Amino acid sequence: MADTAPSARIPYTRPSITDLEVGYVLDAVANGWGARCYEYIERFEDAFAARVGVPYAVSTSSATGALHLGLAAMGIRPGDEVIVPDITWIATVAPIVHLGATPRFADIDPLTWCLDPDSVTSLINERTRAVVAVHLYGNPCDVVRLAQICDRHGIALIEDAAEGIGTVVDGHEAGSVGYFSVFSFHGTKTMTTGEGGMLLTGDRSFQELVRVLNNHGRPAHSAAEFVPEVIGYKYRMSNLQAALGLGQVERLDELSARKIWILAEYRRRLSKLGAVRFNSCAARDRLGGWMPTIEWLDPTGISAAEVRRTLAAAGIDARPVFPSLSGLPLFDQPAEPCPVARRFATRALNLPSYHDISEFDIDRVCTAVTKVLAN
């Protein structure tokens, strides 16, 4: 896109919606009731599962809800421990706590900013039930190696691919390796349903259990009745949201390619700064490019908050990276358990990456970043 007109203010993200999605949503509004009330939900689930290469799907109101359902279906309970990365959104951890289990925070790999398999191994004990691998900012987490570790210890690997749409790990689509995986379709993501999520699994009986839990505990054969068999939840997606999602899945190649292009443009323009790192991965993997992120490596004393303030003054909405969760008062963890995560949290920033950002506005962002970091 070679457009040169500046926007008054550069948002960090917003979705790309075309007439295709609008047409599906209008059809769902006008006709998606009665016998057709689940039509777009079923089409969306099938299309998304086929895209990732996993046979069974359950659409949900959010990735958080999908993770909660999956962990509950696994039987996670008080006394259990689940290993998570120290850098992730709190939504990865909250369902673990809601179920009474204990999150254990592993450090991140300095290249990918995702779970460090060696740190994970050091935390596994007799109470460990699962590892949640997060594809942070669209970076590929090494789920192939993590799956081997989990298999060796008899624990489950779960993929939090909320940010990983379009990411590939050693030939595997993000979300296709774990026992189950979850995705987010929040308005900030590469593809959106406004709010929404998806759980994918290769285990049909597990999918059926998740569906029961997601329908107030009513089994499929009596879903139209009001006699639940267990206490369940309701994290269901609407037919209208699914209609939007179906259009987005059909445009996913275009949406992903644009995200990857934006990340490449930032890298091309800002690599001249020298001691900076962008979203990175092993040569065998592919970045999804969801959220272009810059980490400055020299101990300059410049904080992420300072860089963000400078960009805000220039009319640019940058986003702070997630904090080191083990350092929050919410959690009782040993001092400095995750040194790589602690450093990353103070010296990195997400850059604007909405799909139709112009080259002119990318230049504006890069000029502002260069100004503060070069000085």
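Values in this text are rule-based calculations from the coordinates and carry no lab data. No experiment lies behind these values; they were computed from the predicted model shown. Every residue, glycine as well, gets a Cβ built from its backbone with ideal geometry; the counts of neighbours run over all protein chains shown.
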Worksheet entry | Unit charges at the beta carbon, dipole of segment 113-259: most positive-side option, Ser238, Pro117, Val177 | Ser238
Worksheet item: Equivalent-ellipsoid semi-axes (√(5λ), Cα gyration tensor) for the chain, whole Å, largest first?
Response: 34, 28, 16
Item to complete: Determine the dipole magnitude for segment 30-87: charges of +1 sit on the beta-carbon of Lys and Arg, -1 on that of Asp and Glu, nothing else is charged, the reference point is the Cα centre, and the result goes in debye to the nearest 20.
Response: 200
Worksheet item: Calculated FRET efficiency, Leu26 and Ser358, Cβ-Cβ r, R0 22 Å, to nearest 0.05?
Response: 0.15
Worksheet entry | Ranking of Trp290, Trp33 by count of other Cβ atoms within 10 Å, fewest first | Trp33, Trp290
Item to complete: Please report the relative contact order for the chain, taking Cα pairs under 8 Å with a sequence separation of at least 6, and give it as a percent rounded to a whole number.
Response: 24
Fill in: Exposure proxy ranking, count of Cβ atoms within 10 Å, fewest first, for Thr201, Thr128, Thr193, Thr102
Thr102, Thr128, Thr201, Thr193
Discussion item. Using +1 at the C-beta of Lys and Arg and -1 at the C-beta of Asp and Glu, which of Val93, Leu252, Ala220 has the Cα lying farthest in the positive direction of the dipole of the chain?
Written reply: Val93
Worksheet item: More than 20 Å apart: what percent of Cα pairs in segment 252-374 qualify?
Response: 47
Worksheet entry | Antiparallel %, DSSP beta bridges [both residues in segment 158-203], to 5 | 65
Worksheet item: Mind checking which lysines have their C-alpha under 16 Å from Lys189, skipping anything on the same chain fewer than 8 residues away?
Response: Lys259
Worksheet entry | Residues Ala50 and Thr121, FRET efficiency given R0 of 41 Å [Cβ-Cβ distance, rounded to 0.05] | 0.75
Response to the item:
Within the chain, the percent of DSSP beta bridges that are antiparallel, given to the nearest 5, stands at 55
